[in-house]
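What follows is one structure encoded as structure tokens, with my remarks underneath.
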Amino acid sequence: MNVAVLGSGAWGKALATLVAEAGHRPHIGYRGKPPGGFRGSPNLAGLTRDADLVLIAVPPAAVREVVRSSKPNPRSQVVIAARGLDIHTGTWLTDIVTEESACLQVGALAGPALAAEVMRRQPSAQVIASAYDAVCQTTQRALHSSICRVYTSSDLRGVELAGAMVGVLTVAMGISDSMKQGIGVRGVIVTRGLAEASRLGASLGAEDRTFAGLAGVGDLIAAGSHPDNPGYAAGKAIGSGRPAPAGLADEVGAVLRLAARCGVEMPLTTALAAIFSGKLKPRLAIDMLMRREATRE
């Protein structure tokens with residue numbers, strides 16, 4: 001099987017490693033410097049045309065440009081391997097693929113597989129979600145090996161939303177650890193943050209169990225515990241008094257715009273948005289959340 005991995009960053013290289021481990025042929029699509037140790041090409045359209053599966057492994061803000069450059073066709077099977085929503089419109093990343101190309105067979109990949117650990121051949125697991133069984137089966141075959149278990153799901157919106165929330169909540173865990181708030185607060189972030197995601201997901205027809213699975217709890221525990229994870233590192237910096245990296249406020253803002261359209265309240269996510277935008281100091285945000293009126297779980 002020929003697999004095109006569009007994106008030459010750490011995660012793109014990790015996916016290419018998993019493809020090779022599963023016995024297939026990965027080719028990395030890149031811009032600028034070629035990825036050392038991997039076959040690749042800057043011709044994204046050529047790679048996509050010849051691929052049995054296309055994995056898009058770039059940040060959400062770059063997905064639209066990559067889809068336009070790679071030109072998927074009606075026969076293409078395209079999987080988004082990035083966490084988040086489109087930061088400008090709040091659009092699902094898989095919808096960008098169908099908006100910007102003739103491709104219909106799309107899916108989303110998520111779960112506790114960290115680039116650094118994959119490259120060390122440590123065990124991991126992921127879930128591929130799509131409305132198309134063929135996409136799930138092709139992706140499972142492309143990535144499943146002795147070092148990575150790949151499960152399938154039909155809950156595309158749930159997996160995409162879980163991935164977006166994990167990206168935001170991982171930063172929150174970094175903030176908490178930097179401020180030495182304790183293990184208990186980490187537990188609160190995991191449970192209450194994913195409860196907010198589950199409520200929003202329910203309004204969109206997503207399955208509750210998705211947020212308790214690999215794309216939700218599994219991914220958040222992994223991402224929020226690894227010092228090299230960019231979101232966790234950003235949270236540590238914010239908790240130490242440094243400003244939030246550019247783009248974080250936009251990422252959480254996209255989630256909150258979606259929640260507003262669905263009429264779903266997300267107090268923890270709203271507090272994080274205020275921190276990322278510099279409107280609230282982390283300690284004050286924690287204090288405000290703790291002073292909220294008691295309710296049923």
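The values are calculated or read from the model by the stated rules, or taken from the named source; none is laboratory data. No experiment lies behind these values; they were computed from the predicted model shown. Here Cβ is always computed from backbone atoms with ideal geometry, including for glycine, and neighbour counts include all displayed protein chains.
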- Item | Matching entry among 283, 296, 257 (being more than 19 Å from the chain's Cα centre (by Cα) and in a helix (DSSP H, G or I)) | 283
- When you look at residue 183, is it over 23 Å from residue 85 (Cβ atoms) and either under 19 Å from the mean Cα position of the chain (by Cα) or without any contact (Cβ under 8 Å) to a residue 60 or more places away in the chain (or both), yes or no? yes
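For (1) under 30 Å from residue 149 (Cβ atoms); (2) at pLDDT 95 or above; (3) β-branched (Val, Ile, Thr), each residue gets a yes or a no:
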| position | (1), (2), (3) |
| --- | --- |
| 219 | yes, yes, no |
| 224 | yes, no, no |
| 227 | yes, no, no |
| 280 | no, no, no |
- Message: Can you find, within the range 168-180, the residue that is farthest from residue 109 (Cα to Cα) among those that are surrounded by fewer than 24 Cβ atoms within 10 Å (Cβ to Cβ) and in contact (Cβ under 8 Å) with a residue 40 or more places away in the chain?
- Response: 179
- Query: Restricting to the range 37-55, what's the tally of residues that are touching a residue at least 40 places away in the same chain (Cβ under 8 Å) and either over 9 Å from residue 4 (Cβ atoms) or charged (D, E, K, R) (or both)?
  - Reply: 2
- Search result, residues across the range 123-153 that are closer than 13 Å to residue 215 by Cα and of a type in the set (S, T, N, Q): 124, 126, 152, 153
- Task: Look through the range 208-219, keep the residues that are surrounded by 18 or more Cβ atoms within 10 Å (Cβ to Cβ) and closer than 19 Å to residue 264 by Cα, and return whichever of them is nearest to the chain's Cα centre (by Cα).
- Result: 216
- Query: Limited to the range 260-279, what total is found for residues that are under 20 Å from residue 61 (Cα atoms) and not in a helix (DSSP H, G or I)?
  - Reply: 1
- Message: Only one of 228, 208 is in contact (Cβ under 8 Å) with a residue 24 or more places away in the chain and acidic (Asp, Glu). Can you tell me which?
- Response: 228
- Task: Could you tell me whether residue 19 is β-branched (Val, Ile, Thr), in a strand (DSSP E or B), closer than 27 Å to residue 117 by Cα and in contact (Cβ under 8 Å) with a residue 12 or more places away in the chain?
- Result: no
- Quick one: what pairs do we get from the range 266-294, first residue basic (Lys, Arg), second loosely packed, with under 13 Cβ neighbours inside 10 Å and assigned to a helix (DSSP H, G or I), C-beta under 8 Å, 6+ apart or different chains? 292/267
- Message: Can you say whether residue 84 is surrounded by fewer than 24 Cβ atoms within 10 Å (Cβ to Cβ), closer than 23 Å to residue 197 by Cβ, of a type in the set (Gly, Ala, Ser) and in contact with a Leu (Cβ under 8 Å, 6 or more places away or on another chain), as far as the supplied structure shows?
- Response: no
- Note on the structure: Across (1) under 18 Å from the mean Cα position of the chain (by Cα); (2) of a type in the set (Asp, Glu); (3) surrounded by fewer than 21 Cβ atoms within 10 Å (Cβ to Cβ), residue 251 clears everything bar (3)
- Message: Can you find a residue that is more than 19 Å from residue 114 (Cα to Cα), assigned by TED's automatic domain parsing to the domain that holds residue 261 and among the basic types (Lys, Arg) anywhere in the range 227-238?
- Response: no
- Query: Which of (1) at pLDDT 95 or above; (2) more than 19 Å from residue 128 (Cβ to Cβ) is the odd one out, the single condition residue 178 does not satisfy?
  - Reply: (1)
- Would you mind finding the one in 53, 109, 47, 18 that is in contact with a Gly (Cβ under 9 Å, 6 or more places away or on another chain), under 24 Å from residue 124 (Cβ atoms) and at pLDDT 95 or above? 109
- Message: Being surrounded by fewer than 18 Cβ atoms within 10 Å (Cβ to Cβ) and among the aliphatic types (A, V, I, L, M) is the filter here; which residues of the range 16-63 pass it?
- Response: 20, 45, 61, 62
- Query: Considering only the range 140-156, how many residues are surrounded by 19 or more Cβ atoms within 10 Å (Cβ to Cβ) and in a helix (DSSP H, G or I)?
  - Reply: 3
